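Each remark here refers to the structure printed beneath this line.
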Amino acid sequence: PEPPPATTPGPPPGAASLSGEPSPAGPPSIVVLPFINMSPERENEYFSDGLTEELTNALDQVTGLRVASRTSAWAFKGREVDAREIGARLNVGLLIEGSVRKVGNRIRVTVQVVSAADGYHLWSQAYDRILTDVFALQEEIAHAVVEALGRHGYGVGRRLPVRPPTSVIEAYTLYLRGRYHVLRNEADEMRLAREYFEQAIELDPGYALAHAGVGHCWTMGGFEEWGDIPPLEAMPRATAAVERALALDPTLAEGHALRGMIAMLFDYDHTDAETRLARAVELQPSNLLARLWRGILRSTWGYHEEAIAEVMEAEHANPVAVRVQFVLGRCYLWAERFEEALQRFQAVLDMGESGLALAWIARVHAVTGRPDLALTTIESSISRLGRLPLLLAVKGGSLAIEGREAEARAILAELEQLGAER
């Protein structure tokens, strides 16, 4: 392969306050934008997405550096957005952009650090490697980014070494394929993701993250609004997979977060759920899954202000994440702060996620004495998503509030039949 180009020199003196002067007050902040897949095969996008996520995780371990979450970064995937707009929306001062070209066993990665203030390129580098060097490459890129920030006056702490999650590179690529489908957050995609995770485990039974991935897929399939697997089938399998992951790696934040979800949703052990979710946040303060479910858990206990504060903390790191707005809406609803709940669900609608947001808007209308409006809204949601149990429950409750008892009882009978089957 051709040798990598020399590192791009820093900006000229006086260039937009980036000529080595100290950074503004507060810790430097950065977002890793989704790397562009430059491979001949489009299906290799799973690899560019995976490398983006892995670099985000590596930089998240650097003390003194605030890293925007993958969830926020993915809001800009495939979009041409000005650096200043991204910086303003995510409240970050620096952007990492890049591309990945994978051909057979060879990969070429280009990375650049950009100022969100003016789009100025602080540093760039290209890397040509073979696939088996991917973990060393992640370490090298993270190290180079930290050094580049230091040269431009952004003081950050030491970078923790990247610990390879598996020694079997084929298992790693299968895991990345699984993550690619998990992030699409649909029932069919979850089933496909689980197959990839299980194949990774066949190649490396000690791969903790792959076991956690299997547990994630079973959990979502057995409980989430679109889940279509009977909980009595899905959740014990989820528990077994997550506990295996934690036995292999007790410091796996994702495993503790998933185990906390299961304790809350299936075991009904809220004390254990709080312990598990708190441990996940302790291990990885940026773990979105743990923070959101800890907020939901506190809402169920009636600690509404604490719940909202927890999710607001997640919003600070994930200002454009649909899921954060969704959970904030729920917490405001349970706190009987109905106008604020509607504002958050409307934000979800504005982000293009309409079906389930309409269902929760209908709930707000129902409990605030507007069952006619609730019924109109929930019918729109059902027309988009089908007769999901969550939607039927809102419809039945709204019919009952309006005094349409026979129709409400018909919905109840349909739900009971679904319960017997699923």
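Of note:
- By the Stokes-Einstein formula, at 0.890 mPa s and 25 °C, segment 75-195 with its Kirkwood radius over alpha-carbon pairs has D equal to 147 µm²/s.
- The phi-based Karplus calculation (6.51 cos²θ - 1.76 cosθ + 1.60; θ = phi - 60°) puts the 3J(HN,Hα) values of segment 302-309 at x, 8, 5, 5, 5, 5, 5, 4 Hz, whole numbers, x for Gly and Pro.
- When only the Cβ of Lys, Arg, Asp and Glu is charged (+1, +1, -1, -1), the dipole of the chain relative to its Cα centre reaches about 460 debye.
- The long axis of helix 322-334 is offset from the longest Cα principal axis of the chain by roughly 40 degrees.
- Annotation for segment 208-257 versus segment 322-391: alpha-carbon center distance of 27 Å.
- Mean-square fluctuations from a GNM of the chain, with a 10 angstrom spring cutoff on Cα atoms, peak among ARG298, ARG330, ARG387 at ARG387.
- Kirkwood hydrodynamic radius of segment 116-266, from inverse mean 1/r over distinct Cα pairs, in Å: 17.3 Å
- Multiplying the residue separation of ALA88 and GLU282 by 0.36 nm and removing their Cα-Cα distance gives an extension gain of 67.0 nm.
- Computed FRET value (nearest 0.05) for GLU305 with HIS143, which takes r as the C-beta separation and R₀ as 45 Å: 0.60
- Under 19 Å from a label point set 7 Å out along the Cα-to-Cβ vector of ARG79, the amide N atoms of segment 331-360 belong to 344-355, 357.
- Under the simplified labelling scheme, the GLU170-ALA393 pair shows an inter-label distance of 4.4 nm, with each label point 7 Å from Cα along Cα→Cβ.
- Note on the chain: antiparallel DSSP beta bridges, both residues inside, total approximately 75 percent of the bridges counted.
- Sequentially through segment 184-193, phi angles give Karplus couplings (6.51, -1.76, 1.60; θ = phi - 60°) of 7, 6, 10, 4, 5, 5, 5, 5, 5, 4 Hz, Gly and Pro residues having no value and appearing as x.
- Helix 169-182 and the long axis of the chain differ in direction by around 40°, with both axes built from C-alpha atoms.
- In the chain, the longest principal axis of the Cα atoms and the axis of helix 134-151 are about 70 degrees apart.
- Rounded FRET efficiency, nearest 0.05, which uses the C-beta distance separating LEU415 from ASP269 and R0 of 25 Å: 0.45
- Magnitude of the charge dipole for segment 118-193, about its Cα centre and with charges confined to Cβ atoms of Lys, Arg (+1) and Asp, Glu (-1), is about 240 debye.
- Look at the dipole of segment 179-333 built from charges on Cβ: of ALA314, GLN199, THR251, the Cα furthest out on the positive end belongs to ALA314.
- Rounded accessible area of GLU353 (nearest 10 Å², 1.4 Å probe): 100 Å²
- Segment 383-422 shape via C-alpha gyration tensor axes, a/c threshold 1.5: oblate
- Segment 340-422: C-alpha gyration tensor shape, a/c 1.5 cut-off, then a/b vs b/c: oblate
- For Cα extents along the principal axes in Å, the candidate list reads (i) 84, 55, 44; (ii) 76, 49, 41; (iii) 74, 68, 44; the entry that matches the value derived from this model is (ii).
- GNM top mover of ALA193, ALA290, ALA136 - the chain, alpha-carbon springs below 10 Å: ALA136
- Global form of segment 242-377, assessed from the alpha-carbon gyration tensor, a/c cut-off 1.5: prolate
The values are calculated or read from the model by the stated rules, or taken from the named source; none is laboratory data. This structure is a prediction, so every number in the text was calculated from the model and none was measured. Every residue, glycine as well, gets a Cβ built from its backbone with ideal geometry; the counts of neighbours run over all protein chains shown. The accessibility values were calculated without ligands, DNA or RNA, using every heavy atom of the protein model including side chains. Shrake-Rupley method; radii C 1.70, N 1.55, O 1.52, S 1.80 Å.
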